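Enquirer: Mind looking over this structure? Questions follow.
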């Protein structure tokens, strides 16, 4: 998924969640509350995915960063 796709999905999910909160303000409905909980979890996952992708775009592949850090750590120990 691209960054723009993730951001679009976040926006759509947030709008749906807002509608559900509005619906709950008129009275409790277990089905609405359940969907709201599911959407909140989905949003958390989307935000995590967005952060990971932004970090990868900015700093590079995670495995490459870890490998580079290990090399630097070995060099520090050798010095």
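The values are calculated or read from the model by the stated rules, or taken from the named source; none is laboratory data. In this text, all values refer to a predicted model and were calculated from it rather than measured experimentally. No Cβ is skipped: glycine too gets one built from the backbone with ideal geometry, and neighbour counts run over all protein chains shown.
Enquirer: Name every residue in the range 46-79 that is under 23 Å from the mean Cα position of the chain (by Cα), without any contact (Cβ under 8 Å) to a residue 40 or more places away in the chain and loosely packed, with under 12 Cβ neighbours inside 10 Å, in order of residue number.
Expert: Hits for the range 46-79 are 48, 51, 58, 59, 60, 61, 62, 63, 64, 66.
Enquirer: Checking the condition at pLDDT below 95 and part of a helix (DSSP H, G or I), which residue from 8, 76, 50 passes?
Expert: Values: 8 fails: at pLDDT below 95; 50 fails: at pLDDT below 95.
Matching residue, one of 8, 76, 50: 76.
Enquirer: Quick check: is even one residue across the range 19-37 under 30 Å from residue 65 (Cα atoms) and surrounded by 13 or more Cβ atoms within 10 Å (Cβ to Cβ)? So that I can check it myself, show each step before the final result.
Expert: Filtering the range 19-37 down to residues under 30 Å from residue 65 (Cα atoms) leaves none.
No, the range 19-37 contains no residue that is under 30 Å from residue 65 (Cα atoms) and surrounded by 13 or more Cβ atoms within 10 Å (Cβ to Cβ).
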